[in-house]
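Chemist: First the structure, which I've put down as structure tokens, then a few questions once you've had a look.
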Amino acid sequence: MNGAGDIREVCQNTLQQQPSVSFIDYEYATPSPAAFDLANHFAEWGGFDCDYRVLPTRAQRLEFIREYIHTYFSLVDESEEGGESSIDEEAEAQRLLAEVDMFRGVPGFYWGIWALIQATISHIDFDYAQYAVVRLGEYWAWRDAMDGKHDVAGKEVPLREQRWAQLE
């Protein structure tokens, strides 16, 4: 293990933390980088309504990631002989935060495609097609931000991207 960037986990994407874990919805499990799972976690703060006003700020994401890194390396240290780790947890947290930022649009693509599939096969009374439009819009807004298209075209930066960039 060289650092947080090497962390790979099975991202279930729908589990809640409980004293015991029962895996359900296996179809949502994917072997993914931790940065994707964390980006998805933060993206889901808006719920099905996609209320971007409640997405975590950079400071909130960093606080969560610091705890994640600390806990991860504490558990790794406990399982390995030799005692304390020489890992710079702050550097790892900053690196993982940057990786999460790079993945921030991917959950929109993932859940947007999922919603398109659900729109054709689900019997649940939910407007999956509209949900797909919203979630895929997150992906395209992220792509535009990454490509600098908002700056070049003079477009207003979408609320989700504004909130993601908000420091406090």
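The values are calculated or read from the model by the stated rules, or taken from the named source; none is laboratory data. Note that the structure is a prediction, hence the values are computed from the model and not measured. With ideal geometry, Cβ positions are generated from the backbone for all residues, glycine too; neighbour counts draw on all protein chains shown.
Chemist: Taking the options Glu168, Glu161, name whichever one is acidic (Asp, Glu), under 16 Å from the mean Cα position of the chain (by Cα) and closer than 20 Å to Leu97 by Cα.
Modeler: On inspection, the qualifying residue turns out to be Glu161.
Chemist: Looking at segment 139-167, which of its residues are under 23 Å from Leu62 (Cβ atoms) and either among the aliphatic types (A, V, I, L, M) or modelled with pLDDT of 95 or more (or both)? Full working, then the answer.
Modeler: Narrowing segment 139-167 to residues under 23 Å from Leu62 (Cβ atoms): 141-142, 145-146, 157-167.
Matches in segment 139-167: Ala141, Ala145, Met146, Val157, Leu159, Ala165, Leu167.
Chemist: Can you tell me which residue is surrounded by the fewest Cβ atoms within 10 Å (Cβ to Cβ) among those in segment 103-125 that are of a type in the set (A, V, I, L, M, F, W, C) and in contact (Cβ under 8 Å) with a residue 24 or more places away in the chain? Step through it out loud before you land on a result.
Modeler: Here is the first cut: in segment 103-125, the ones of a type in the set (A, V, I, L, M, F, W, C) are 103, 106, 109, 111, 113-117, 119, 121, 124.
Within this subset, residues satisfying the condition of being in contact (Cβ under 8 Å) with a residue 24 or more places away in the chain are 103, 106, 109, 111.
Numbers: Phe103: 20, Val106: 19, Phe109: 16, Trp111: 23.
Here the residue is Phe109.
Chemist: Scan (1) modelled with pLDDT under 65; (2) surrounded by 10 or more Cβ atoms within 10 Å (Cβ to Cβ); (3) within 20 Å of Arg104 (Cα to Cα); (4) not β-branched (Val, Ile, Thr) for the single condition Asp6 breaks and write down its number.
Modeler: Going through the list (1) modelled with pLDDT under 65; (2) surrounded by 10 or more Cβ atoms within 10 Å (Cβ to Cβ); (3) within 20 Å of Arg104 (Cα to Cα); (4) not β-branched (Val, Ile, Thr), Asp6 breaks only (2).
Chemist: Continuing with this model, one more query. Pull up segment 126-145, narrow it to residues that are surrounded by fewer than 14 Cβ atoms within 10 Å (Cβ to Cβ) and among the hydrophobic types (A, V, I, L, M, F, W, C), then point me to the one that is nearest to the chain's Cα centre (by Cα). Walk me through how you get there before you give the answer.
Modeler: We begin by selecting, within segment 126-145, every residue surrounded by fewer than 14 Cβ atoms within 10 Å (Cβ to Cβ); these are 126-127, 129-130, 133, 143.
Okay, now just the ones that are also among the hydrophobic types (A, V, I, L, M, F, W, C), so 126, 129, 133.
On the way: Phe126: 23, Ala129: 22, Val133: 19 Å.
Checking each candidate, the answer is Val133.
Chemist: Still on this model: Condition check: over 14 Å from Asn40 (Cα atoms) and in contact with a helix residue (DSSP H, G or I) (Cβ under 6 Å, 6 or more places away or on another chain). Does Ala98 satisfy that? Lay out the reasoning, then the answer.
Modeler: Working: over 14 Å from Asn40 (Cα atoms): yes; in contact with a helix residue (DSSP H, G or I) (Cβ under 6 Å, 6 or more places away or on another chain): no.
No; evaluated as a whole, the condition is false for this residue.
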